[in-house]
Every structure is written in C-alpha cells, then in structure tokens.
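Structure, as structure tokens:
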Amino acid sequence: MAFESFRKFLDELEGRDELKRVSQQLATELEITAAANIEMKKPGGGKALLIEKPTINGEQSPFPVAINTMGSWSRMAIALGVDSVDSVARELDGILKIKPPVDFKDAIKLLSNLLSLRNCKPKFVKDGQCKEVVHKFEPQTRRTEPWQKAPSISELEQLNEVGNFPTLLNIPILKCWQLDAGRFITLPCVVTKDPDSGERNIGMYRMQVYDSQTTGMHWQMQKVGARHGRRYFEKGERMPVSVFLGGDPVFPFCASAPLPDGMDEYLLAGFLRKKPVELVKCETNDIEVPANADFVIEGYIDPQEPLREEGPFGDHTGFYTMPEPYPVFHVTAITHRKTAVYPATIVGKPPMEDFYLGNASLKIFLPVLKMTFPELVDIALPAEGVFHNLLFASIKKTYPMQAYKIMYGLWGMGQMMFTKYIVIVDDDVDVNNTSEVLFKLCSNTDPQRDCVFTKGPADVLDHATDIIGVGTKLGIDATRKLQGEGFKRSWPPEIKIKRELIE
C-alpha cells in the first residue's frame, strides 16, 4: 500500500485507533519530548501523537508535529503497507529463491514476482506537492543569533501569502533533552550523490540547527554520506545536499535500513510500497526528492569550510554524545506542502521508536543474511542493547566452531561492525525471548573456553571506547558443545515435560 501523503498515513493510523490527537499547546522545547517519552515507554510502544498546536518560543506554529508514528509493530506494519513485518521478509525470501519455471504454475509465479519488481524503479515528474510553497534564500551574509524570537502566527500567514516561507527557526523542530545544544532535526532523509559514479544515497543523520540558514550534518565517518563528502573534498568542489521530511512513511525506514553499498533506497521504497516513487528535481541543486514529501530543505556543504562543533545531543545510547566537529549544511531553499506536517522522533533510553525501525530492518533483511549464512535461523537486537550493542543469533549447528564462523561473518556485514556483543545459541532457542537466551548463556558456557575478544570499528556515539570509532568486541558461543570442540564429557539432556502430559 502506497501512501500519497504523510497526512493519509496519519489518517490511517487514526482510523485504526493508533493515533492520539493532542489539542492543547505543547512546546517544541522539551515538552513534546516528555509527552512522547511517556507514550513510547508504554507496553507495545503506546500510540502515535499528533501535536496540533506546537509552540516555538511561546508562539504557535502553523505546522503540526507527528511523533512515534512507527513506534510499534502494528504501526510499523501499517507504514510498510502490510499485515505484518514478517510478511515482507517472506516476500523478499521468495524473490531471492526464484528458480527457472518447470511448469505453467511456476511460470505464473515468476511473472507475478517480476511484475512486483517493476515498481522498484523510480520515475521522474516535473512538479509535486512538495513545491506548493517555494522559498529560495539569498546567500547568508551574517550569522543569525540561534533561536531568535519566532514571528507570530499572523506574520507567518503573511509570509505564506506573499510566497515566502519561514526559516529553519520557524519549523517546529524539537529541542529534545535538557542538555541538548539546541534544536535537532531527528527524522531527516538526507540525499547525496557520489560525484564520480552519480550513485545516490539516502541516509538519516541528525541535524543541529545553528541559525535560520545553517545546520550541522552529523554523518559519522563510516557512513556513505561522509564518504561522498570526502570525495568532494578531494575534488575541491561544493557538495549538493537535499533533505526531505514526510511523504510516504516508507521513506525514513529506507533511509535507516542497512542496504548493501550502492543500492538506491528509492528502489527499496518502490518494492515496499508496490508503486514507483515519483521524484522531482530540487529548485537550487540537481538532487531528486519524492514529489509527495512534506518539507524539502535544499542546500550544500562546502568541504573546504572548517568543521563546526555539533552537540551535545541526547542519543539512542541513553547518554548524551558530547560535542564533536562536523560539516556545516547551508540552506539555499525550503519548499513544502501547504498542509505540511512535521515528522519527528526522539531517541534515548530504550525502548523508543527506533527499536521498531531497527528490528523491522533486521527482520526484512534476514533472508539476505541467510543467503550468506544458510545455517542462520533467526536474529534479534534486544532493546537493552540500543540497536547494535547486543545481538542474539540462533543457528542450526552441524559442525565444530560453527558459532565462531557466524560471529566473525556478522561483524563483517555493514553496520553490524558496530556490534559489541554477539551471543550465538542453538536453533531451538527463541532469540526474541531475552530471558531464554540468558538462561542458555549462563548454562551452556564456560567463560574462558566459549568467549572470544576481537578489535574493530566502533560506533562514534559509544562513550565507553578509549578512542572514538575504535573498540573491542566480545563473542559468546552459547550453543551445545560438540566433541570436536574439545568438550570431553557427554552433554546432558534438558528437563522437559511431554506435551501429552501437559494436555
């Protein structure tokens, strides 16, 4: 199911009793975070919130704020247009296992799969709803004081009437936590291109608003956007960048998904929504963005410009990440729908909305991992591990040291290089049941024999490492031991009650 606008997605959530409207005013400074945090901590992720009257420095914004829109398994499935996230994984698994047809039934199935893949490729259009209001900025000649007083609601209406648009200071961007350095765009889809190959990438990097026309761009050193930036620095060229928010909810999912390097996120979006993504060219650079987005922020990064301090920011680790230098993004244009909704999220001590985003990616791409590791049964990222700090994997073990093969293999798979702890269990263990995994961990291991330490890249947000971006990892083999692994005793049977006795 393809959503033609973010508002249609919100209408769908409301129709399914998955959304609460908040009619009283809530401040974008800390208050929306407090309300969202309460909701996210409820069993199952609570409900989505539509803040109808957000305020900026005491003045009401003309744009409502939506938050926690994908913060449950049911809302995650609705965003992807399916009954369950698992069904997407099954569909992808079926496509990956396509074989030449041997009869008419197989031929029809193959044709059906090929027709579904036809929707992957995006198509280009001349105009879109994201350009209902267009405002291009003059080059900034002086730095605006951060968080100067916002215009009143009547002034905003006058600006829109004459075709102008409020600046970054007037969009209801959140200051999430008490010690945050300012307001941060937390759900941006950041579009960049490789200057040599032209390959496009959509990433999700937080953006601290410095003033009306500049933000930070927090792309970590291992991210594709940072790699594109380094290439522009080597060429001595200004780097075009565009950021979009809203539109089909599948977009932020694709921006945060661990896609293979070089794969276009718009292709994944087309596959998931069963409809090609319509793209429109930006006003001030050559980047393409979805025509149905709510906001588009166009601009550039000058690789020759000195980096600027970004942070602190209350992060998904549950701690603040401290100030570090990052590139500066300069805004050249902002376009938006007339009835735009500002989408936001917050990160912090788990569980939060990002838990569902991250685990949905894991479920959907499990078939891809199984192509490399056929013994892999299931994989899970428990909430306590804040994404990649802790990973559980179950395998169908058939030979000695197989658990270590999986550990090292997973550490070499994209963003799993950041995983600090990997626990491998047998295929009869439910990795989504943390209690069950911990039972096997404690009962099936000898610490010295079954643990391995190694070194590798670390998440730059990890405050526990001695050096930023460099750390150690621990792998634990919690599977039943085989004779070939040096285990010289017989493995005892586990206590179980027969099903017929229970019945």
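Quick rundown of the values:
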quantity	calculated
Output for region 96-128, where each listed residue is assigned to a loop (DSSP other than H, G, I, E, B) and either at pLDDT below 85 or closer than 18 Å to L267 by Cα (or both)	K97, I98, K99, P100, P101, V102, D103, K121, P122, V125
Qualifying residue in region 309-317 (condition: among the polar types (S, T, N, Q) and crowded, with 21+ Cβ neighbours inside 10 Å)	no
Hits in region 8-40 - residues which are in contact with a Lys or Arg (Cβ under 9 Å, 6 or more places away or on another chain) and farther than 14 Å from K175 by Cβ	L13, E14, R16, D17, E18, L19, K20, V22, S23, Q24, Q25, E39
Every residue from region 1-51 that is assigned to a helix (DSSP H, G or I) and touching a Phe, Trp or Tyr at 6+ places or on another chain (Cβ under 8 Å)	F9, E12, T33, G44, G45
Search result, residues across region 272-287 that are over 24 Å from G216 (Cβ atoms) and surrounded by fewer than 24 Cβ atoms within 10 Å (Cβ to Cβ)	R273, K274, K275, P276, E278, L279, V280, K281
Selection from region 173-228 of residues that are over 21 Å from the mean Cα position of the chain (by Cα) and closer than 23 Å to E59 by Cβ	Q178, A181, G182, Y210, D211, S212, Q213, T214
Strands (runs of 3 or more DSSP E) wholly inside region 298-354 containing at least 3 residues that are over 22 Å from the mean Cα position of the chain (by Cα)	328-336
Given (1) under 30 Å from I78 (Cβ atoms); (2) at pLDDT 95 or above; (3) of a type in the set (D, E, K, R), index of the condition K397 fails	(1)
A79 vs. criteria touching a residue at least 24 places away in the same chain (Cβ under 8 Å), of a type outside the set (K, R) and in a strand (DSSP E or B)	no
Matching option when the condition is surrounded by fewer than 24 Cβ atoms within 10 Å (Cβ to Cβ) and either outside the structural domain of H316 (by TED's automatic domain parsing) or over 22 Å from A66 (Cα atoms) (or both), among N201, N170	N201
Answer residue from region 212-242, given it is closer than 13 Å to F329 by Cα and β-branched (V, I, T) and is surrounded by the fewest Cβ atoms within 10 Å (Cβ to Cβ) among those	T214
Some residue of region 360-382 being at pLDDT below 95 and of a type in the set (S, T, Y)	yes
Matching entry among D17, D11, D93, D86 (being at positive phi and either at pLDDT 95 or above or surrounded by 14 or more Cβ atoms within 10 Å (Cβ to Cβ) (or both))	D17
Residues of region 183-203 classified as modelled with pLDDT of 95 or more and not in a strand (DSSP E or B), total	4
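Here is a yes/no grid of residues against (1) in contact with a helix residue (DSSP H, G or I) (Cβ under 6 Å, 6 or more places away or on another chain); (2) of a type in the set (F, W, Y); (3) modelled with pLDDT of 95 or more; (4) outside the structural domain of P325 (by TED's automatic domain parsing):
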| position | (1), (2), (3), (4) |
| --- | --- |
| V241 | no, no, yes, no |
| S256 | yes, no, no, no |
| Y266 | no, yes, no, no |
| E288 | no, no, yes, no |
| D294 | yes, no, yes, no |
| Y300 | no, yes, yes, no |
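Okay, residues lined up against (1) modelled with pLDDT of 90 or more; (2) among the basic types (K, R):
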position	(1), (2)
P447	yes, no
V452	yes, no
K473	yes, yes
I476	yes, no
R480	yes, yes
E485	no, no
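Quick grid of which residues meet (1) within 21 Å of V377 (Cβ to Cβ); (2) of a type in the set (S, T, N, Q):
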| residue | (1), (2) |
| --- | --- |
| G414 | yes, no |
| V429 | yes, no |
| T434 | yes, yes |
| F439 | yes, no |
| P447 | no, no |
| D459 | no, no |
| D462 | no, no |
| G469 | no, no |
| K481 | yes, no |
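The values are calculated or read from the model by the stated rules, or taken from the named source; none is laboratory data. Just so it is clear, the structure is predicted and the values come from calculations on it, not from any experiment. So basically every Cβ, Gly included, is an ideal-geometry build from the backbone, and we count neighbours across all protein chains shown.
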